[in-house]
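What follows is calculated from the coordinates using simple rules that are stated; it is not laboratory data. None of the values given here were measured: they were computed from a predicted structure. Cβ placement follows ideal geometry from the backbone for every residue including glycine, while neighbour counts extend to all protein chains displayed.
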There are 2 protein chains.
Amino acid sequence: MSEKLPTRSENYAEWYTQVILRAELADYSPVRGCMVIRPYGYALWENIRNALDRRFKETGHVNAYFPLFIPMSFIEKEKQHVEGFAPELAVVTHGGGKELEEPLVVRPTSETIIGYMYAKWIRSYRDLPVLINQWANVVRWEMRTRLFLRTMEFLWQEGHTAHATAEEAEEEARRMLDVYADFLENEAAIPVIKGQKSEIEKFAGAVRSYTVEAMMGNKWALQAGTSHNLGQNFAKAFNIRYLDRNNQLQYVWTTSWGMSTRVVGAIVMVHGDDQGLRLPPRLAPIQVVIVPIWRQDVDKTRVVETAHRVAATLQEGGIRVHVDDREEHTPGFKFNEWELRGVPVRIEIGPRDLEADQVVLARRDMPGKEGRRTVPMAEVLSGVQVLLAEVHQSLFAQAKRFLEENTHEVSTYEEFKEVLATRGGFIRVFWAGSDEDEIRIKEETKATIRCYPFDHDGSEGTCFYTGKRTTRVAIFARAY
Amino acid sequence: MSEKLPTRSENYAEWYTQVILRAELADYSPVRGCMVIRPYGYALWENIRNALDRRFKETGHVNAYFPLFIPMSFIEKEKQHVEGFAPELAVVTHGGGKELEEPLVVRPTSETIIGYMYAKWIRSYRDLPVLINQWANVVRWEMRTRLFLRTMEFLWQEGHTAHATAEEAEEEARRMLDVYADFLENEAAIPVIKGQKSEIEKFAGAVRSYTVEAMMGNKWALQAGTSHNLGQNFAKAFNIRYLDRNNQLQYVWTTSWGMSTRVVGAIVMVHGDDQGLRLPPRLAPIQVVIVPIWRQDVDKTRVVETAHRVAATLQEGGIRVHVDDREEHTPGFKFNEWELRGVPVRIEIGPRDLEADQVVLARRDMPGKEGRRTVPMAEVLSGVQVLLAEVHQSLFAQAKRFLEENTHEVSTYEEFKEVLATRGGFIRVFWAGSDEDEIRIKEETKATIRCYPFDHDGSEGTCFYTGKRTTRVAIFARAY
């Protein structure tokens, strides 16, 4: 940590990578495109996982586990699916010293193998709905990778549900999008735009894909979670049928939805600043770091003892706390390190605080005096609880303001290009273009349709590109 | 579930498979050797995982995640390691539509790739010990597979630690064996024998392997968890060194330890009976099932309502409870189904119970009147809590007695073969044989040395095979 962190304005990509490496969230691995999630990053992922898993269970889902390997022939059964995934597959051709008769694909996603099992398990309307989620690793061969955002192997959850009617499947797909939005806003402090993907951007095999889009610190978009209404595409490819109440065989309707370790990248990019990470309190592996401060050895023992006593109080109150009593580093060094690592609240305890029976709380998200407050020792737990809630609100409000300030409306393609080139951000426009128009815009500007936002009120306007009247609104942006 | 479950004495292997399939713990997958862990089985695994993870964190470990793919050249760096694992590897030769320059191995275990990263991370004695655990899937190419016990892909945890001294590494390896034993006895109600593996049976790359061995219902042994002192073997292969306090470069000492979804198989085989599973209460996904009983429609509403009210009371008390209010099945059908699925306690609530303001609790592990007790409605939570504790104790005591009754001592090889052929079980003997003797005994009797048990008091005796005097005691058995 000798060299200074690059600032975001100097080099955003390098800032991002350096923050992750120096904060020890992750590291490069010797296998090209694969990363190592280090303990601090994995603890963050565990908190993400627990917050999501709780929501999945509250909405009636159960977890299961399906095989890592999928026969190549399965992938080929759904036409759009194989077109989308074939270029990204890792293929096992040898096992136990022999060449395999049929190559096995390392799962890039599990619709096919799960579809096969559902066809076996589902017999009657009484077996529906099937509401299963899987926590797993998946592999997609990527040439240009970036820590957390795009790695060959990543961790994720994939929900796979089967329903008796189209309406129920649509409801499920929308419900899970709401779960993702709720998680992102209330746990990760990330405001999102909910909407539908364009035909070009939708999942390979879906009828409709829904997405939650967030704005990163460089004003690019990141798709933070997706939920797909798969209609009967996979039901027909894998013959998943049930006997309805009238004893008629019907195909089921399925959905799938996923969120991955990408979210860690989003947290870094939405909240991080030039000093490093700023972790949202509800997900932070360490919510409070206590730095005991002493000059003379006589003070050391009692200051360190008090630090551990305060830590015990906080821990009993359900706070994730760490005491940094290392002797080889100065308080200033520690302050910088924990700022880099994004711990939301720091507690300083020195000899004078002991005498005054108080501690100093300092917020990561608010530098200087403004972010410091002194609380009586007896009130440290409630003081910390209040502060963590404030930090969450403040991070969310800041990100929300940033999103709003950097969302622009334009009425011509010239203006569109001008805004993208000079100001960046999301561009919200009326849109009546074709798939070809969308592709052309991407080629010319690198901006893609992130979604057709749900919050559009249905009013009519003029498409900025074709000049046609339309009620459809799209959000364009550069995206990860 | 039309056909009757085979009894254990009729066909143990078939009983095992049928219990797992019918209880819906797991299912076969279309990929040879891979299984699907169904929601009920996965919920059991989640409870196992949580109980272990809590213990790992209490002993100072943190979780991380390392890549699924390992370069073939890494596996080859430790001589014993590659010899042990080469025949079991799944190999990725193609990615993104191209042949790879160096094939990638799907991890069979992660000592090598983690060793590589530790060499990068560890610089000084201040960085030690490194205490990392990983929850992951691994793949070992198996020709003859069996649900949970031996599958091509399985889920597990693998701890990997690095230490400054040989003593610390040894302590760690022994500590984690104790953690496994504590988990098995206090969560899974499985008594175990702790001991050291023979040279022939130890982990490929270890200096010493420790094991916890359990006795299954057919008197075979199952290695339920292992902990390895790896000495400096991997430190030297991957050049993992640190500067000690005297500024001298030293190799670290490493350990690894793992427990897998095999444990689910052990739970089935240790506790299961001819009616199906008997799940240990602390791990059971459903600890209590409530079956409301009604004959006439007038009774139905209030009985079902009461069932849900009792369920709410139990849930608030931290009990995992399920109300089976399906209308298409009789109470008798439900009793059988939940017995098959091993739920430790069943609550029956009928109209007469409502009038008497009481419920009937029935134990899965004790059939008939003996296992039933009536408790006042107001005491249902405490009644269930007491009963669950009793069921745990009783399952443990029963398994312990079975282990003891089926552990035999012999003084000659003739007697050894005789006992194995007629009575089975564990054979505890003085042992001074060579590796070759051990292999010959395996070829002739299929029995292997499960471990040199720690509980031997050090006294001297005569080896049953060589006639030599020795203080070493071994336990032989047929094993999964």
Check your understanding: Taking the Cβ of residue A:358 as the center, what net charge do the other residues with Cβ under 13 Å away carry, scoring Lys and Arg +1 and Asp and Glu -1?
Key -> -2
Check your understanding: Average partner chain C-beta neighbours within 10 Å, per residue of A:33-42?
Key -> 6
Study note, to complete from the structure: Amide H contacts under 5 Å for residue B:34, restricted to residues at least 5 apart in sequence or on another chain and with H modeled in the peptide plane, are B:29, B:152
**Study point:** Estimated translational D of the stretch A:12-271 in µm²/s (Stokes, Kirkwood radius over Cα pairs; 10 °C; 1.306 mPa s)
**Key:** 83 µm²/s
Check your understanding: How big is the gap, in Å, between the Cα center of the stretch B:166-180 and the Cα center of the stretch A:214-240?
Key -> 46 Å
Review point. By how many degrees, between 0 and 90 and to the nearest 10, does the Cα long axis of helix A:166-186 differ from the longest principal axis of chain A?
Key: 20 degrees
Practice item. Please turn the phi angles of the stretch B:454-462 into ³J(HN,Hα) values with the Karplus equation 6.51 cos²θ - 1.76 cosθ + 1.60 (θ = phi - 60°), one per residue in order, whole Hz, x for glycine and proline. Key: 5, 7, 5, 7, x, 5, 9, x, 9
Review point. Between residue B:230 and residues 5 or more places away or on another chain, which pairs have amide H atoms under 5 Å apart, with H built 1.01 Å from N, and which residues are they?
Key: B:207, B:254, B:255, B:256
Review point. Taking the DSSP beta bridges in the protein assembly as shown as the whole, what percent of them are antiparallel, to the nearest 5?
Key: 85 percent
Check your understanding: Rounded, prolate or oblate: which fits the stretch B:28-128, taking a ≥ b ≥ c as square roots of the Cα gyration tensor eigenvalues, rounded meaning a/c under 1.5, else prolate when a/b beats b/c?
Key -> oblate
Point to revise | Loop trypsin sites (Lys or Arg not before Pro), the stretch A:279-321 (other Cβ atoms within 10 Å of the site Cβ: 14 or fewer; DSSP) | key: A:295
Exercise for review: State, as an integer percentage, the relative contact order of the stretch B:229-300 based on alpha-carbon contacts under 8 Å between residues 6 or more apart.
Suggested key: 19 percent
Study note, to complete from the structure: With the dipole of the protein assembly as shown defined by +1 on each Lys or Arg Cβ and -1 on each Asp or Glu Cβ, the option from B:283, B:206, B:226 whose Cα lies farthest towards the positive pole is B:206
Exercise for review: Find every distance from the label point of residue B:356 to the corresponding label point in the other copies (7 Å from Cα along Cα→Cβ) and write them in nm, one decimal, shortest first.
Suggested key: 6.9
Check your understanding: If the label for residue B:245 sits 7 angstrom from Cα along the Cα-to-Cβ line, what are its distances to the same label in every other copy, in nm to one decimal, shortest first?
Key -> 7.8
Revision key, fill the gap. Filtering trypsin sites (Lys or Arg not before Pro) in the stretch B:379-471 by DSSP loop and by at most 14 other Cβ atoms within 10 Å leaves B:423, B:446, B:468
Check your understanding: Shortest first, in nm, what separates the label point of residue A:440 from those of the same position in the other copies (7 Å along Cα→Cβ)?
Key -> 8.6
Practice item. Please give the helix A:111-121 orientation as an angle from the longest Cα principal axis of chain A, in degrees from 0 to 90, rounded to the nearest 10. Key: 70 degrees
Review point. For the stretch B:293-346, which GluC sites (Glu not before Pro) are both in a DSSP coil and crowded by at most 12 other Cβ atoms within 10 Å?
Key: B:327, B:328
Check your understanding: What do you get for Rg/Rh over the protein assembly as shown if you use C-alpha atoms and the Kirkwood form of Rh?
Key -> 0.98
Check your understanding: Fewest first, what order do B:121, A:141 take by the number of other Cβ atoms within 10 Å?
Key -> B:121, A:141
Revision key, fill the gap. If every Lys and Arg gets +1 and every Asp and Glu gets -1 at its Cβ, then about the Cα centre the stretch B:96-247 yields a dipole, in debye to the nearest 20, of 220 debye
Point to revise | Only Lys, Arg (+1) and Asp, Glu (-1) charged, at Cβ; the stretch B:247-395 dipole about Cα centre in debye | key: 420 debye
Review point. From the residues B:67, B:7, B:94, which one has its Cα farthest along the dipole of the stretch B:1-111 in the positive direction, the dipole being from +1 and -1 charges on Cβ of Lys/Arg and Asp/Glu about the Cα centre?
Key: B:7
Revision key, fill the gap. Both in Å, the radius of gyration and Dmax of the C-alpha trace of chain B are 25.2, 84
Point to revise | Fraction in percent of alpha-carbon pairs per bin - 5 Å, the stretch B:288-385 | key: 3, 14, 27, 27, 21, 9, 1
Exercise for review: Taking chain A as the reference, fit the longest principal axis to its C-alpha atoms, fit the long axis of helix A:12-22 to the helix C-alpha atoms, and give the angle between the two in degrees, 0 to 90, nearest 10.
Suggested key: 60 degrees
Revision key, fill the gap. Per-residue ellipticity at 222 nm attributable to helices in chain A (runs of n ≥ 4 DSSP H, -39500 (n - 2.57) apiece, nearest 500 deg cm²/dmol) works out to -11500 deg cm²/dmol
Exercise for review: Could you go through the stretch B:128-137 in sequence order and give the Karplus-derived ³J(HN,Hα) for each residue, using 6.51 cos²θ - 1.76 cosθ + 1.60 with θ = phi - 60°, rounded to whole Hz, and x for Gly and Pro?
Suggested key: 9, x, 9, 10, 10, 10, 10, 9, 7, 9
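Counting Lys and Arg as +1 and Asp and Glu as -1, each charge on the Cβ, what is the dipole of the stretch B:248-306 about the Cα centre in debye, to the nearest 20?
Dipole of the stretch B:248-306, to the nearest 20 debye: 120 debye.
Compute the relative contact order of chain B as a whole-number percentage, counting only Cα pairs closer than 8 Å that sit 6 or more residues apart in sequence. Before the final figure, lay out the partial values.
Numbers: 946 pairs, mean separation 65.3, N = 480.
Worked out over chain B, it gives 14 percent.
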